[in-house]
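What follows is one structure encoded as structure tokens, with my remarks underneath.
The values are calculated or read from the model by the stated rules, or taken from the named source; none is laboratory data. Keep in mind that what you see is a predicted model, and the values were worked out from it rather than measured. Cβ: placed from backbone, ideal geometry, glycine included. Neighbour counts: every protein chain shown. Protein only, heavy atoms only, side chains kept; ligands, DNA and RNA dropped before computing areas. Shrake-Rupley method; radii C 1.70, N 1.55, O 1.52, S 1.80 Å.
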Amino acid sequence: MDRRLPVSPATPLIDRFGRQITYLRLSVTDRCDLRCVYCMKARPEFLPKADLLTLEELTLVCDAFISRGVTKIRLTGGEPLVRKDVITVIETLGTRIGPAGLDELCLTTNATQLPKYADRIAAAGIRRVNISLDTLEPDVYRRLTRGGDVNVALTGIAAAKRAGLKVKINAVAMAGVNETHLPGLIAWAHGEGHDVSLIEVMPVGEIGADRSAQFLSLENVRAALARQWSLTDLPDNTGGPARYARIAETGGRLGFISPLTGNFCDTCNRVRVTCTGELYTCLGKSGRIDLRQPLREGGRDALDDALDAAMASKPLGHDFDVSPGAAASVDRDMARTGG
Ligand code: SAM
Ligand code: SF4
């Protein structure tokens, strides 16, 4: 039985500041097969499985957003590909690409499961994957991910390329950890034909460490890269926190995702939904609207009301703080919210 919510010419999602929401990032699980030091504690307490939206509910939430004008959905986590049978959600959402409403379905992954899934993901209609890889150095990767094997990630990245997926490498820049490896990582990725985005550490969730020790300003990273390469700014059209430059010597694109030192909130077009159905209208704020109860008890009208309430409460911008001793700006893990 097709339990899709009815598609009506519903009102688009526009917040109090006139920003239209066209982009949904959906975390499908808080679980992961890695334990990156900036993302989770060494021994995270994962949510009880009963708290998670079912695969069918994840699809219903996506359909509600699509009918309100969302044209891009990114599945994330946790590691989205460790959720059992998540491929069925990917394949179902793939059918919403095109006249059914979606321009694009994307995925953010650590690549470990891509040898298994890359072909099916591509066949489902996904064209682009963001892959997290902070270093090519096996020892540093193992330390950063608390036990991961960089060769597994590299095999996954190769599988994605073979499947015809456009790969973007995301690397979190960390002071004293991978900063000296970034030029090598960028040169390798550009040589493989992959774009790269560098990300500033964000104070999201408690990780059992002081963030200020991890924080590395991308302004400084860019200045260091500019001493060895020629960077030319490219026009930004993502509506997001990334600013792009072309590196003449490698020919590749390099993005700088700077939620702390950059200013992108004015053009924000996105919201996030956690794997338990909490809608966060801003990555840097704790305010949330529950979608699970309306979904389970009220049906489509109640879900629409919840989306309207979210539009009425989306803040103008975040106020992250990574100064020494500052607490996490928001009381939840990146893996629950979806990075
Ligand atoms: N497991 C998948 C992965 O690693 O790509 C998807 C989820 S992960 C939470 C999404 C992205 O968030 C990754 O690129 C990761 O590097 C980034 N991330 C996690 N915690 C972060 C933090 N505290 N600051 C900045 N980026 C973070
Ligand atoms: Fe897992 Fe991604 Fe978080 Fe790393 S960043 S621990 S791969 S969810």
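Within 19 Å of the chain's Cα centre (by Cα) and buried (at least 18 other Cβ atoms within 10 Å of the Cβ) - does that describe any residue in segment 1-20? No, segment 1-20 contains no residue that is within 19 Å of the chain's Cα centre (by Cα) and buried (at least 18 other Cβ atoms within 10 Å of the Cβ). Filtered by the rule that a residue be within 16 Å of ligand 1 (Cβ to nearest atom), farther than 16 Å from Leu225 by Cα and of a type in the set (Gly, Ala, Ser), segment 177-192 gives no residues.
For the residues Pro44, Pro80, Pro99, Pro48, the requirement of being open to solvent by 10 Å² or more (accessible area, probe 1.4 Å), within 14 Å of ligand 2 (Cβ to nearest atom) and more than 24 Å from Asp301 (Cβ to Cβ) singles out Pro44. Quick one: in segment 51-66, which of the residues that are open to solvent by 10 Å² or more (accessible area, probe 1.4 Å) and touching a residue at least 60 places away in the same chain (Cβ under 8 Å) is farthest from ligand 2 (Cβ to nearest atom)? Ranking the candidates gives Leu60 first. Being of a type outside the set (S, T, N, Q) and open to solvent by 10 Å² or more (accessible area, probe 1.4 Å) is the filter here, so list the residues in segment 102-116 that pass it. Asp103, Glu104, Pro115, Lys116, listed by residue number.
Take Ile169 and tell me if it is at pLDDT 95 or above and open to solvent by less than 10 Å² (accessible area, probe 1.4 Å). Against the criterion (at pLDDT 95 or above and open to solvent by less than 10 Å² (accessible area, probe 1.4 Å)), Ile169 qualifies.
Note on segment 86-104: residues that are assigned to a loop (DSSP other than H, G, I, E, B) and under 18 Å from the mean Cα position of the chain (by Cα) total 1. Spot the failing condition for Ile73; the list is (1) buried (at least 18 other Cβ atoms within 10 Å of the Cβ); (2) outside any loop (DSSP other than H, G, I, E, B); (3) in contact (Cβ under 8 Å) with a residue 40 or more places away in the chain; (4) within 16 Å of ligand 2 (Cβ to nearest atom), and only one is missed. All conditions are met except number (4). Exactly one condition in (1) within 15 Å of ligand 1 (Cβ to nearest atom); (2) surrounded by 15 or more Cβ atoms within 10 Å (Cβ to Cβ) is false for Ala158; which is it? Of everything listed in (1) within 15 Å of ligand 1 (Cβ to nearest atom); (2) surrounded by 15 or more Cβ atoms within 10 Å (Cβ to Cβ), Ala158 misses just condition (1).
Residues in segment 105-159 that are within 14 Å of ligand 2 (Cβ to nearest atom), small (Gly, Ala, Ser) and in a loop (DSSP other than H, G, I, E, B): Ala111, Gly147, Gly148. Taking the listed residues Glu137, Glu79, the one that is acidic (Asp, Glu) and touching a His at 6+ places or on another chain (Cβ under 7 Å) is Glu137, with no other qualifying.
Residue count for segment 27-70 satisfying the condition of being among the basic types (Lys, Arg), over 18 Å from the mean Cα position of the chain (by Cα) and assigned to a loop (DSSP other than H, G, I, E, B): 3.
Checked against the criterion of being part of a loop (DSSP other than H, G, I, E, B), hydrophobic (A, V, I, L, M, F, W, C), modelled with pLDDT under 90 and open to solvent by 30 Å² or more (accessible area, probe 1.4 Å), segment 248-263 contains one or more residues that satisfy it. Taking each residue of segment 138-157 that is touching a residue at least 40 places away in the same chain (Cβ under 8 Å) and looking for partners that are open to solvent by 80 Å² or more (accessible area, probe 1.4 Å) with beta-carbon atoms closer than 7 Å, six or more apart or interchain, yields Gly148/Arg142. Of all residues in segment 6-26, at least one satisfies being closer than 19 Å to Arg272 by Cβ and either within 16 Å of ligand 2 (Cβ to nearest atom) or in a helix (DSSP H, G or I) (or both). Applying a threshold of 7 Å to beta carbon distances and a minimum spacing of six or more residues, or different chains, the list of pairs starting in segment 165-180 at a residue that is under 11 Å from Ile199 (Cβ atoms) and ending at one that is among the small types (Gly, Ala, Ser) reads Ile169/Ala189; Asn170/Ser132; Asn170/Ser197. Residue pairs whose Cβ atoms lie under 6 Å apart, sitting 6 or more positions apart in sequence or on different chains, and linking a residue in segment 302-329 that is within 23 Å of Gly18 (Cα to Cα) and of a type in the set (D, E, K, R) to a partner that is modelled with pLDDT of 65 or more and open to solvent by less than 50 Å² (accessible area, probe 1.4 Å), are Lys314/Asp15; Lys314/Thr281.
Total residues in segment 172-192 satisfying the condition of being part of a loop (DSSP other than H, G, I, E, B) and modelled with pLDDT of 95 or more: the figure is 1. Test Ala159 against the criterion of being in contact with a Pro (Cβ under 7 Å, 6 or more places away or on another chain) and not basic (Lys, Arg), and give yes or no. So Ala159 fits the description; yes.
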